[in-house]
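**Student:** This is the structure, below, for whatever I ask next.
The values are calculated or read from the model by the stated rules, or taken from the named source; none is laboratory data. Bear in mind that the values here come from a model prediction, so they are computed numbers and not experimental data. Every residue, glycine among them, receives a Cβ derived from its backbone with ideal geometry; neighbour counts consider all protein chains shown. Ligands, DNA and RNA are excluded from the accessible area calculation, which covers all protein heavy atoms including side chains. Shrake-Rupley method; radii C 1.70, N 1.55, O 1.52, S 1.80 Å.
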Amino acid sequence: MNSKPFTSGPRENAVTITRVADRQWHALDDDLVVGRGYAARRADGRLFVSIDAWHDAPFDRLAEAMLAELPAPLHTVVDEADAELTARWLRAGFTVRRREWEYVVPTDPQDTGLGEALPPSGVTIVPAGQADEGLLRAVDRAIRDEVGATVGWQSMPAEVVTFPEGDTIVDPSKYAVAAAPDRYLGLIRVVTVRGPRIGLVAVRTGEQRRAIARALLAHALGTLHRSGFTEARAEVQESHHAASALFEGIGARPTSSNLELVR
């Protein structure tokens with residue numbers, strides 16, 4: 001589906017921007033694609049944009065066309081080490097909303113110190129793939145509601161799985177949980193696409209400061225270690241000091257940082 005082309009400036013070989021599909025744009029220079037722009041709405045409702053272009057001119061013109069058509073606010077995520085890309089988004093009117101650190105986490109209990117990290121009395125760890133799906137969905141919804149009522153779900157890691165509408169648990173087999181006799185108190189999600197990644201570790205507000213998160217991490221990292229993985233990755237928002245202390249306390253080290261920008 002093509003919209004009316006958006007042409008930038010009266011110059012020779014002007015870059016022409018065309019919307020080629022819903023929330024997709026191409027930058028053309030003499031019919032050669034020199035840039036692509038995309039927009040996607042994430043599970044929490046935020047609209048994220050991305051632009052793939054080698055040079056400033058097609059990037060700037062894609063940004064101008066996309067911003068003219070898309071509703072605000074708009075978000076994007078960049079590797080902080082990519083100063084050129086960051087500068088392009090800032091030039092387009094975006095500002096830094098938050099910084100997110102990526103950690104490398106050792107899995108060996110001798111390195112993490114989690115070998116003796118047991119859950120508190122009355123709490124058991126249910127391995128991934130064995131959780132009751134109804135109770136899992138209940139604790140996930142409860143935690144999301146608690147986060148939404150305080151710091152906001154937008155404070156959680158920016159790299160979010162795209163969920164089917166109304167579904168926040170895509171694959172129950174990826175979750176291990178901390179269980180009381182009548183309900184679940186916390187959960188941890190680990191995926192192993194391109195290496196193990198801890199996508200989420202969370203505990204209900206009333207159950208925090210009981211070392212449940214440490215017990216969940218001990219279980220998940222120990223399982224990965226026994227499967228032959230020496231390390232995993234995790235993202236932590238810079239302002240989430242408790243999470244940073246938790247990971248750094250088990251020997252995790254920050255290796256890079258992402259910036260979430262907003263306009």
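**Student:** So which residues in the range 180-204 are open to solvent by 10 Å² or more (accessible area, probe 1.4 Å), within 20 Å of Ala142 (Cβ to Cβ) and without any contact (Cβ under 8 Å) to a residue 60 or more places away in the chain?
**Tutor:** Ala180, Pro181, Asp182, Arg183, Tyr184, Arg189, Gly199, Leu200, Val201, Ala202, listed by residue number.
**Student:** Is at least one residue of the range 219-236 at pLDDT below 95 and among the acidic types (Asp, Glu)?
**Tutor:** So far as the range 219-236 goes, yes, one or more of its residues are at pLDDT below 95 and among the acidic types (Asp, Glu).
**Student:** Follow-up question, since we're still on this one. Tell me the residue from Arg98, Arg61 that is modelled with pLDDT under 95, part of a strand (DSSP E or B) and either of a type in the set (A, V, I, L, M) or open to solvent by less than 60 Å² (accessible area, probe 1.4 Å) (or both), please.
**Tutor:** Arg98
**Student:** Keeping to the range 208-221, report how many residues are within 18 Å of Ala131 (Cβ to Cβ) and surrounded by fewer than 18 Cβ atoms within 10 Å (Cβ to Cβ).
**Tutor:** Of the residues in the range 208-221, 0 are within 18 Å of Ala131 (Cβ to Cβ) and surrounded by fewer than 18 Cβ atoms within 10 Å (Cβ to Cβ).
**Student:** Quick one: count up the residues across the range 46-58 that are surrounded by 18 or more Cβ atoms within 10 Å (Cβ to Cβ) and under 19 Å from Thr16 (Cβ atoms).
**Tutor:** Number of matching residues: 4.
**Student:** Cβ-Cβ distance below 6 Å, separation of 6 or more or different chains: which pairs start in the range 69-94 with a residue that is farther than 19 Å from Ile17 by Cα and among the aromatic types (Phe, Trp, Tyr) and end on one that is at pLDDT 95 or above and open to solvent by 70 Å² or more (accessible area, probe 1.4 Å)?
**Tutor:** The qualifying pairs are Phe94/Arg263.
**Student:** Also: Looking only at the range 197-222, count how many residues are assigned to a helix (DSSP H, G or I) and over 16 Å from Thr124 (Cβ atoms).
**Tutor:** 3
**Student:** Let me ask something else. Any chance the range 238-260 includes a residue that's open to solvent by less than 10 Å² (accessible area, probe 1.4 Å) and over 20 Å from the mean Cα position of the chain (by Cα)?
**Tutor:** Looking through the range 238-260, at least one residue is open to solvent by less than 10 Å² (accessible area, probe 1.4 Å) and over 20 Å from the mean Cα position of the chain (by Cα).
**Student:** Does Glu260 satisfy the condition of being under 19 Å from Thr192 (Cβ atoms), in a strand (DSSP E or B) and modelled with pLDDT under 95?
**Tutor:** The answer is no for Glu260.
**Student:** In the set Ala39, Ala72, which member is part of a strand (DSSP E or B) and under 30 Å from Asp140 (Cβ atoms)?
**Tutor:** Ala39
**Student:** Filter the range 6-36 down to the residues that are loosely packed, with under 12 Cβ neighbours inside 10 Å and either modelled with pLDDT under 90 or in a strand (DSSP E or B) (or both) and list them by number.
**Tutor:** Correct list: Gly9, Pro10, Arg11, Glu12, Asn13, Ala21, Asp30, Asp31, Leu32.
**Student:** Check whether at least one residue in the range 223-233 is within 18 Å of Gln130 (Cα to Cα) and open to solvent by less than 20 Å² (accessible area, probe 1.4 Å), and report yes or no.
**Tutor:** Yes: one or more hits.
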